[in-house]
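Participant: One structure, as structure tokens, below. Some questions next.
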Amino acid sequence: MESEKKHLRSVHPEDSVIKVENREIGGLNFQIIAGPCSIENEEQIFETAKAVKASGATMIRGGAFKPRTSPYAFQGLHEEGIRLLVEAKKITGLPIVSEVMDINHIPVFENVDVIQVGARNMQNFELLKELGHTKKPILLKRGLANTIEELLMSAEYIMAGGNDKVIFCERGIRTFETMTRNTLDISAVILLKKISHLPVIVDPSHAAGRKDLIEPLSLAAIVTGADGLIVEVHNCPEKALSDKDQQLTPKEFEEFMGKINPQIEFIGKSI
Ligand code: PEP
Ligand code: MN
């Protein structure tokens, strides 16, 4: 029924807390997902994973199936990429997050802890329905030009299938602005938390598309009630095969963590 939609806070007043392995996101639990845009090779993902863990990241991200604007751009390592990410999990002990693009690839994600639905697939309803039949937490990114209401309804597609483990991700929307890759919609974080009980994380990397805004946007996200951040980090960003301008070096990520940790504590949440 419309009035009883599962994502609504009115039907579930408490914050939802979603378990990912031995961690929790939502309520007073804050998570920091970090790692490269794409998994490129063994050395790159292992080095980056070890570095972000050392600085306090709580989950590792890495794309193996990449949605690229050009068909000639690097498309990801596919199954081999997932295999390397699973190895990175064994090395670091941290849960892993990766994007699924095709309904037929879902079985490849058996050992992935959080399945990401990227911005370009936010309204791939068949994919959402199928993910609703899995037991995995789903990181649902807002589409490039989708409204908050549409994002909420995409979560509902997953929940309607029986999977309540949906985490929203505000990653910036397309506007007339050209100084940033997208425009981070801070109002969306506030509204999503108000309307829904589901956790909300912020992706300052894809929102800004540039390194210098990642820390201030993250501080803003924490203050407005976000439950986590997803940040792109690469062991050697200038050589990255995708999103090279926005990926932090391990050293920059370490400094970033030093700045955001006190803010998370200040707001009364813990990593
Ligand atoms: C990503 O996280 O690598 C990605 C492609 O993000 P988005 O879907 O938000 O563009
Ligand atoms: Mn990226």
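Participant: Write down Rg/Rh for the stretch 167-208, rounded to two decimals, with Rg from the C-alpha atoms and Rh from the Kirkwood relation over Cα pairs.
Facilitator: For the stretch 167-208, the value is 1.02.
Participant: If you don't mind, there's one more thing I want to ask. How would Lys259, Lys90 line up by accessible area, probe 1.4 Å, largest first? All intermediate terms of the calculation are to be shown ahead of the outcome.
Facilitator: Values: Lys259 115, Lys90 145 Å².
In descending accessible area the options line up as Lys90, Lys259.
Participant: Sticking with this one: Quote the FRET efficiency, to the nearest 0.05, computed for Ile267 versus Ser10 with a Förster distance R0 of 35 Å and r equal to the Cβ-Cβ distance.
Facilitator: My answer for the efficiency is 0.90.
Participant: At a 1.4 Å probe radius, carbon and sulfur cover how many percent of the accessible area of the chain?
Facilitator: 53 percent
Participant: Continuing with the same structure: Give the Rg (one decimal place) followed by the Dmax (whole number) of the stretch 1-88, computed from C-alpha coordinates and expressed in Å.
Facilitator: 17.4, 50
Participant: What spacing in nm lies between the two simple spin-label points modelled at Arg120 and Thr147, each 7 Å away from Cα in the Cβ direction?
Facilitator: So the label points at Arg120 and Thr147 sit 2.5 nm apart.
Participant: Sticking with this one: Along the three principal axes, how long is the stretch 68-155 when you take its alpha carbons, biggest first, rounded to the nearest angstrom?
Facilitator: Reported extents, whole Å, longest axis first: 40, 34, 22.
Participant: Between Arg174 and Glu238, what length comes free when the chain is fully extended (0.36 nm per residue of separation minus the Cα-Cα distance, one decimal in nm)?
Facilitator: Between Arg174 and Glu238, full extension yields 20.5 nm more.
Participant: Next question. Give, rounded to the nearest 20 debye, the magnitude of the charge dipole that the stretch 2-266 has about its Cα centre when Lys and Arg contribute +1 at Cβ and Asp and Glu contribute -1 at Cβ.
Facilitator: Charge dipole of the stretch 2-266: 100 debye, to the nearest 20.
Participant: Tell me the per residue accessible area of the stretch 2-266 using a 1.4 Å probe; a whole number in Å² is fine.
Facilitator: Ligands and nucleic acids excluded, the figure is 42 Å² per residue.
Participant: How long are the three semi-axes of the equivalent ellipsoid for the stretch 2-266, computed from the Cα gyration tensor as the root of 5 times each eigenvalue, in whole Å, largest first? Write down the numbers at each step before the final one.
Facilitator: Details: eigenvalues 127, 88, 67 Å².
Here the semi-axes work out to 25, 21, 18 Å.
The values are calculated or read from the model by the stated rules, or taken from the named source; none is laboratory data. The structure displayed is predicted, hence computed values, not measured ones. Neighbour counts run over all protein chains shown; Cβ positions are idealised from the backbone, glycine included. SASA here: full protein model, heavy atoms, side chains in, ligands and nucleic acids out. Shrake-Rupley method; radii C 1.70, N 1.55, O 1.52, S 1.80 Å.
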